[in-house]
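Below is one structure, written out as structure tokens; comments come after it.
The values are calculated or read from the model by the stated rules, or taken from the named source; none is laboratory data. This is a predicted model, so every value here is computed, not measured. Cβ coordinates were reconstructed from backbone atoms using ideal geometry, including for glycine residues, and neighbour counts include every protein chain displayed.
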Amino acid sequence: MSTRSAVIRTALRTHLMVIADLPPVNWQGQPFTPPAPEGREEALYIRETLMQNTEILSANGERTATGIYQLDVFMPTGLPVRLGEDLADDIKEHFKPAQILAGIKLEKSSILQMIPETVWSIIPVRVEYRTHQTNI
């Protein structure tokens, strides 16, 4: 497997897109206009961020990259919190620890504390991954 961000992002995005009834996604680096936050369930959306943290040389001579794939669930303030929490749970359960996606091993999947805002509340879902590449 590659330790290149573009390869990792593609594999993780492909896996995300399999989730049924996925709301709109604000893909990292792409233009996006959020839905109008009029307190409707259809206004939920996800923001994708890939954070490649570290690359090290392992004892067996492989390059090991670790990073975080964060998917922030945006929910209009005023909706039942359950709607955002259900989507965050669906994402977390879809990115199960020990799963291997195109050579990327998922290490940990967690939901962080909700961040309440005036118009949107944000529920971060953090997926930690590891991948290896032969060090030539």
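Annotations
- Restricting Thr3, Thr33, Thr54 to residues that are loosely packed, with under 11 Cβ neighbours inside 10 Å, of a type in the set (S, T, N, Q) and in a loop (DSSP other than H, G, I, E, B) narrows the list to Thr33.
- Condition broken by Gly84, with the remaining ones in (1) small (Gly, Ala, Ser); (2) surrounded by 14 or more Cβ atoms within 10 Å (Cβ to Cβ); (3) closer than 20 Å to Ile19 by Cβ; (4) touching an Asp or Glu at 6+ places or on another chain (Cβ under 9 Å) satisfied: (4)
- Single residue of Thr118, Thr131 found to be over 14 Å from the mean Cα position of the chain (by Cα) and not in a loop (DSSP other than H, G, I, E, B): Thr131
- Qualifying positions in the range 87-110 - assigned to a strand (DSSP E or B), touching a helix residue (DSSP H, G or I) at 6+ places or on another chain (Cβ under 9 Å) and loosely packed, with under 15 Cβ neighbours inside 10 Å: Ser110
- Phe74, sole failed condition from (1) touching a residue at least 12 places away in the same chain (Cβ under 8 Å); (2) part of a helix (DSSP H, G or I): (2)
- Counting only residues that are within 17 Å of Asp90 (Cβ to Cβ) and loosely packed, with under 13 Cβ neighbours inside 10 Å, the range 15-30 holds 4 of them.
- Flag if Thr64 is within 30 Å of Thr134 (Cα to Cα), hydroxyl-bearing (Ser, Thr, Tyr) and more than 12 Å from the chain's Cα centre (by Cα): yes
Here's the yes/no breakdown for (1) modelled with pLDDT under 95; (2) part of a strand (DSSP E or B):
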residue	(1), (2)
Thr14	no, no
Glu38	yes, no
Glu42	yes, no
Thr49	no, yes
Asn60	yes, no
Arg63	yes, yes
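- In the set (1) surrounded by 15 or more Cβ atoms within 10 Å (Cβ to Cβ); (2) assigned to a loop (DSSP other than H, G, I, E, B), the condition left unmet by Gln113 is number (1).
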